[in-house]
Number of protein chains: 2
Amino acid sequence: MMPKVDFVKRARIIKAMGHPSRLAMLHALADGEMCVCDLRDLVGADLSTVSKHLSVMKRAGLVEDRKEGLRVNYRLRVPCILDFMNCVEAVLARGKKTACCSTL
Amino acid sequence: MMPKVDFVKRARIIKAMGHPSRLAMLHALADGEMCVCDLRDLVGADLSTVSKHLSVMKRAGLVEDRKEGLRVNYRLRVPCILDFMNCVEAVLARGKKTACCSTL
DNA sequence: CCACTACTTGGCTAAACTACCAAGTAGTAT
DNA sequence: ATACTACTTGGTAGTTTAGCCAAGTAGTGG
């Protein structure tokens, strides 16, 4: 028997993406790094809330941070996260008609 | 301004994948449809628990079902769900060294 | 009809998650 | 040192989720 896929670890990563604000932040970070204050403006939540969302994503390995003066800049750690989104689009698209990843 | 991505809908889809048992089921369903009873054996939970997991994924548009005699068979509704996993692998791999989607 | 199998749904409790405020840390500047 | 900005962390209340058992539904077959 092979080591068998570790679904617990994988689920943790996916779960870290499964929140509207976190998804919006990942989407924004695709264009380059941003500080927590910018991300707060983006999602319109309390700074502490945004900081906690980021720490969840950081623990999951989705983003990494870098201090620069007073600011903390976050960036995607793995660029493919957004290709990833294509499949999600496909699920949504499939609600109306037939289409999948390759098409989008 | 463009219609702006609906992160709530997308997050719901992703969240439906963010659970070890559900991930294991999606993984198994990649090889073809399975009845709830087989999936129960796979994840080792109560039949009612498995049924609820499946209904979450069905509502999210990840799977669809089909009755066949006494059984209810579930199958993936969007095949790309597993390509999707490649990026998750990349996040895990990045924990040790540099690698991403294209490499896996 | 009754019994049996395969599911689904309701109800419940325990655990996890989310978001806020408040307080603390760290770097900058006076 | 004091003050200010940019975060992070602790605490807490409200919401959501997960899993089990029990009860109900739906086909199958005697």
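The values are calculated or read from the model by the stated rules, or taken from the named source; none is laboratory data. Computed from a predicted structure; not experimentally measured. Positions of Cβ are generated from backbone atoms using ideal geometry, with glycine treated the same way; all protein chains shown enter the neighbour counts.
Out of the residues in the range A:14-48 that are among the acidic types (Asp, Glu) and either within 13 Å of A:Leu76 (Cβ to Cβ) or within 14 Å of DNA strand C (Cβ to nearest atom) (or both), state the one that is nearest to the other protein chains (Cβ to nearest Cβ). If you could, list the steps in order and put the result at the bottom.
Restricting attention to the range A:14-48, the residues satisfying the condition of being among the acidic types (Asp, Glu) are A:31, A:33, A:38, A:41, A:46.
When the remaining residues are screened for being either within 13 Å of A:Leu76 (Cβ to Cβ) or within 14 Å of DNA strand C (Cβ to nearest atom) (or both), the result is A:31, A:33, A:41, A:46.
Working: A:Asp31: 13, A:Glu33: 17, A:Asp41: 15, A:Asp46: 18 Å.
Within the range A:14-48, the match that is nearest to the other protein chains (Cβ to nearest Cβ) is A:Asp31.
Residues in the range A:58-71: is at least one modelled with pLDDT of 95 or more, basic (Lys, Arg) and in a helix (DSSP H, G or I)?
Yes, there is a match, as at least one residue in the range A:58-71 is modelled with pLDDT of 95 or more, basic (Lys, Arg) and in a helix (DSSP H, G or I).
Answer yes or no as to whether B:Ala24 is on the phi < 0 side of the Ramachandran plot and modelled with pLDDT of 95 or more.
Details: on the phi < 0 side of the Ramachandran plot: yes; modelled with pLDDT of 95 or more: yes.
Spelling it out, B:Ala24 is indeed on the phi < 0 side of the Ramachandran plot and modelled with pLDDT of 95 or more.
Among the residues in the range B:57-72, are any under 23 Å from A:Ala16 (Cβ atoms) and near DNA strand D (Cβ under 8 Å from one of its atoms)? Working first, answer last.
Of the residues in the range B:57-72, the ones under 23 Å from A:Ala16 (Cβ atoms) are B:57, B:59-63.
So of that shortlist, the ones also near DNA strand D (Cβ under 8 Å from one of its atoms) come out as none.
Among the residues of the range B:57-72, not one is under 23 Å from A:Ala16 (Cβ atoms) and near DNA strand D (Cβ under 8 Å from one of its atoms), which makes the answer no.
Please tell me if B:Val88 is away from DNA strand C (no atom under 12 Å from the Cβ), crowded, with 17+ Cβ neighbours inside 10 Å and over 12 Å from the mean Cα position of the chain (by Cα).
Yes, satisfied.
What number goes with the only condition from (1) more than 16 Å from DNA strand D (Cβ to nearest atom); (2) surrounded by 14 or more Cβ atoms within 10 Å (Cβ to Cβ) that A:Gly95 does not pass?
All conditions are met except number (2).
Restricted to the range A:13-50, and to residues that are part of a helix (DSSP H, G or I) and touching a Gly at 6+ places or on another chain (Cβ under 8 Å), which residue is surrounded by the most Cβ atoms within 10 Å (Cβ to Cβ)?
Of the range A:13-50, the ones part of a helix (DSSP H, G or I) are A:13-15, A:20-29, A:36-43, A:47-50.
Among the residues that remain, those that are also touching a Gly at 6+ places or on another chain (Cβ under 8 Å) are: A:13-15.
On the way: A:Ile13: 23, A:Ile14: 27, A:Lys15: 19.
Ranking the candidates gives A:Ile14 first.
Among the residues of the range A:62-83, what is the count of those that are closer than 25 Å to A:Arg10 by Cβ and free of Cβ contacts under 8 Å to residues at least 60 places away in the same chain?
Start the filter on the range A:62-83 by keeping residues that are closer than 25 Å to A:Arg10 by Cβ, which leaves A:62-65, A:74-83.
When the remaining residues are screened for being free of Cβ contacts under 8 Å to residues at least 60 places away in the same chain, the result is A:62-65, A:74-80, A:82-83.
Number satisfying all stated conditions: 13.
On the given criteria, is B:Arg59 without any contact (Cβ under 8 Å) to a residue 24 or more places away in the chain, farther than 23 Å from A:Val56 by Cβ and within 11 Å of DNA strand C (Cβ to nearest atom)?
Working: without any contact (Cβ under 8 Å) to a residue 24 or more places away in the chain: no; farther than 23 Å from A:Val56 by Cβ: yes; within 11 Å of DNA strand C (Cβ to nearest atom): yes.
Spelling it out, it is not the case that B:Arg59 is without any contact (Cβ under 8 Å) to a residue 24 or more places away in the chain, farther than 23 Å from A:Val56 by Cβ and within 11 Å of DNA strand C (Cβ to nearest atom).
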